[in-house]
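**Q** Got a structure for you, questions after.
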Amino acid sequence: MNKLVALLQVILAIVLGILALATLVNAILISTRPETISVVNAIIGLGVVIIALLALATICMRKGLKAFRQTEESSANQD
């Protein structure tokens, strides 16, 4: 069960990374529009979302890999 949770955390981290990349592409596409206050607000908001997604991805990846390594070590010790 722990191995499944660890694998799901790693997959979630990858999905969050892909979402952060898609948000970055969206911010780049928005930045090509004429400068208005709404464009600046959108870029600032997307910047915050990108940082949050990358932070969550990092946390999930670290926890997932740590749990995956612990399950591998415990199964190796049982053999």
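The numbers here are math on the coordinates, done by the rules we state, and not lab data. Treat the numbers as computed from the prediction; the structure is a model and nothing was measured. Every residue, glycine as well, gets a Cβ built from its backbone with ideal geometry; the counts of neighbours run over all protein chains shown.
**Q** Tally Lys and Arg at +1 and Asp and Glu at -1 over the other residues with C-beta under 15 Å from the C-beta of residue 9: what net charge comes out?
**A** Counting the neighbours of residue 9, the net charge comes to +4.
**Q** Using unit Cβ charges (K, R positive; D, E negative) and no other charged atoms, how large, in debye to the nearest 20, is the dipole of the chain about its Cα centre?
**A** 80 debye
**Q** How are the alpha carbon pair distances in the chain distributed across 10 Å bins from zero to the largest one, expressed in percent?
**A** 19, 33, 21, 15, 8, 3, 0
**Q** Which whole-number percentage describes the relative contact order of the chain, with Cα contacts under 8 Å and a sequence gap of 6 or more?
**A** Answer for the chain is 52 percent.
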